[in-house]
Ligand SMILES: NC(=O)c1ccc[n+]([C@@H]2O[C@H](COP(=O)([O-])OP(=O)(O)OC[C@H]3O[C@@H](n4cnc5c(N)ncnc54)[C@H](O)[C@@H]3O)[C@@H](O)[C@H]2O)c1
């Protein structure tokens, strides 16, 4: 038995991300507490974690005993001040709202262990700004997980202005203990992943707009030439071009000209071609499946 069962990790927010993060800690043997103000969210999270564990057993990735032990170590709680009492780690993953996040970490810091560390899973808010309300901002860090957490290996650790070396080192160790690979990024717009992905998707749309190659061939280039699991246009259809556009606008305003959104993306969003969720984006979808040969053709005549 490793020492993880002596370490209390509290995940606040039992939505999409909190569910996956709680699973990762429970299966690694930590005392895991999942907190949410909504009973429905907690119930849904518990069912999803049970399902992930069941399919892990079916696929031979975890034993039945390990799956039972994971559920045994998981506690659900609605009251943060109760759930976070004496916690060694608190990972905040409530809705993307600055004031809500500040309220959560302030309550958590009042009741957790004196040398405990608080992390936020925010995608875009400032780690430095959230930490500013804490008496010990040096023990605060960003832990940016990826969806679905049980499949994605990466955690981007976001270093705020005050995060200490010790906090970064301890958080890297924690990632290893749950089988994740971490990278460390100084707080900056788009971190590494969103910034690279936004630029690639934007450039792919410029090529489509200019008629450089067909949509299918642009995607095939990245899949077959660079071993990407998905092409940039397929990925944009999955993420949603409206989401892509808002990320690009933010990066354009903070990082400059190279992130100026491609006019074709702006037109697509105006036309309601948002991607899979609206039934058409760069490709057409029927019953959730892509229609072969449906890649958008842009006529210039
Ligand atoms: N969805 C993604 O792919 C993704 C990826 C990386 C990071 N993130 C970030 O993770 C965070 C959560 O995203 P999500 O997609 O899981 O959201 P979600 O909407 O699925 O879940 C948010 C949960 O937080 C709960 N909540 C809200 N206020 C609360 C409070 N004060 N106390 C306790 N619980 C509270 C809600 O009831 C809900 O269950 C956001 O900051 C988001 O930017 C999301």
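The values are calculated or read from the model by the stated rules, or taken from the named source; none is laboratory data. The shown structure was predicted, so the numbers you read here are calculated from the model rather than taken from an experiment. Positions of Cβ are backbone-derived with ideal geometry, glycine not excepted, and every protein chain shown enters the neighbour counts.
Counting only residues that are in contact with a strand residue (DSSP E or B) (Cβ under 8 Å, 6 or more places away or on another chain) and part of a loop (DSSP other than H, G, I, E, B), the range 159-187 holds 5 of them.
Residue-wise test of (1) assigned to a loop (DSSP other than H, G, I, E, B); (2) more than 13 Å from the ligand (Cβ to nearest atom); (3) in the same structural domain as residue 121 (by TED's automatic domain parsing); (4) free of Cβ contacts under 8 Å to residues at least 12 places away in the same chain.
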site	(1), (2), (3), (4)
9	no, yes, yes, no
32	no, yes, yes, no
40	no, no, yes, yes
44	no, no, yes, no
47	no, yes, yes, yes
53	no, yes, yes, no
67	no, yes, yes, no
70	no, yes, yes, no
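Scanning the range 131-147 for residues that are within 14 Å of the ligand (Cβ to nearest atom) and either out of contact with any helix residue (DSSP H, G or I) (no Cβ under 7 Å at 6 or more places or on another chain) or under 21 Å from residue 33 (Cβ atoms) (or both) turns up 142, 143, 144, 145, 146. Which one is farthest from the ligand (Cβ to nearest atom) among residues in the range 12-24 that are closer than 22 Å to residue 107 by Cα and crowded, with 24+ Cβ neighbours inside 10 Å? Here the answer is 22.
Just one of the listed residues (138, 156) is part of a helix (DSSP H, G or I) and closer than 26 Å to residue 5 by Cα, and it is 138. Kindly evaluate residue 90 against the criterion of being in a strand (DSSP E or B) and either away from the ligand (no atom under 11 Å from the Cβ) or not assigned by TED's automatic domain parsing to the domain that holds residue 29 (or both). Taking the combined requirement at face value, the residue satisfies it. Criterion applied to 122, 75 was being touching a helix residue (DSSP H, G or I) at 6+ places or on another chain (Cβ under 7 Å), surrounded by fewer than 22 Cβ atoms within 10 Å (Cβ to Cβ), closer than 14 Å to residue 13 by Cα and without any contact (Cβ under 8 Å) to a residue 60 or more places away in the chain, and the one residue passing it is 122. In the range 195-209, the condition of being surrounded by fewer than 14 Cβ atoms within 10 Å (Cβ to Cβ) and over 24 Å from residue 249 (Cα atoms) is met by no residue.
Return a yes/no flag: does the range 225-233 have any residue that is part of a helix (DSSP H, G or I), touching a residue at least 40 places away in the same chain (Cβ under 8 Å) and surrounded by fewer than 20 Cβ atoms within 10 Å (Cβ to Cβ). Taking every residue of the range 225-233 in turn, none turns out to be part of a helix (DSSP H, G or I), touching a residue at least 40 places away in the same chain (Cβ under 8 Å) and surrounded by fewer than 20 Cβ atoms within 10 Å (Cβ to Cβ). Under the condition of being assigned to a helix (DSSP H, G or I) and buried (at least 18 other Cβ atoms within 10 Å of the Cβ), which residue from the range 93-106 is nearest to the ligand (Cβ to nearest atom)? Ranking the candidates gives 104 first. The residues of the range 248-276 that are in contact with a strand residue (DSSP E or B) (Cβ under 9 Å, 6 or more places away or on another chain) and surrounded by 14 or more Cβ atoms within 10 Å (Cβ to Cβ), listed by number, are 268, 273, 274, 275, 276. For the range 109-124, a residue qualifies if it is farther than 23 Å from residue 178 by Cβ and part of a loop (DSSP other than H, G, I, E, B), and the qualifying residues are 114, 124.
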